[in-house]
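Worksheet for the structure shown next.
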């Protein structure tokens, strides 16, 4: 497994070693020992989530202000553009974002640490998205920043307006959002 820091070093791209031939492929998608040794982190993952979305669905930007979740995310069918936004007020990268293309084809994963808002948009006809989390989902602590906030200025690869949930349509502007001190 190759792990590369992104422009925000705490957010890391994981590229697995894939072994394949004309019959298919095999790769180890997660190994706790390797994760700890290669990242210097020691998180315990407590929940696995699986979502399926259609083309142009945008989910995010979500985070939990209490019980913050670190997320190790990947796509097992289709392709998404995945984004992490630093919402830690004392961080040198506060308000900055990074984005990566994750797909079933490239098999890459993205580590989104606690203290970051997370979102993705589906680029293929459908996408199945898996993520491991370091804390349990707590809806009472969930917050949402609007996907198209002008201050953050995420460059989403969209050709039309995305399909959004009611929750995501009513996300806060970054300047009004509750953030981590």
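The numbers here are math on the coordinates, done by the rules we state, and not lab data. In this text the structure is predicted, and so the values were computed from the model without any measurement. Reconstructed Cβ throughout: ideal geometry from the backbone, glycine too, with neighbour counts over all protein chains shown.
Figures for the structure shown
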| item | result |
| --- | --- |
| Translational diffusion coefficient (Stokes-Einstein; Kirkwood radius from C-alpha pairs) of the stretch 117-165 at 4 °C, 1.567 mPa s, in µm²/s | 96 |
| Normalised per residue, the volume of the convex hull around the Cα set of the stretch 24-181 (Å³) | 119 |
| Fraction of alpha-carbon pairs over 18 Å apart in the stretch 1-54 - percent | 51 |
| Where Rh is the Kirkwood radius over Cα pairs, Rg/Rh for the stretch 33-92 | 0.98 |
| Segments 29-35, 86-92 sorted - mean Cβ within 10 Å per residue, highest first | 86-92, 29-35 |
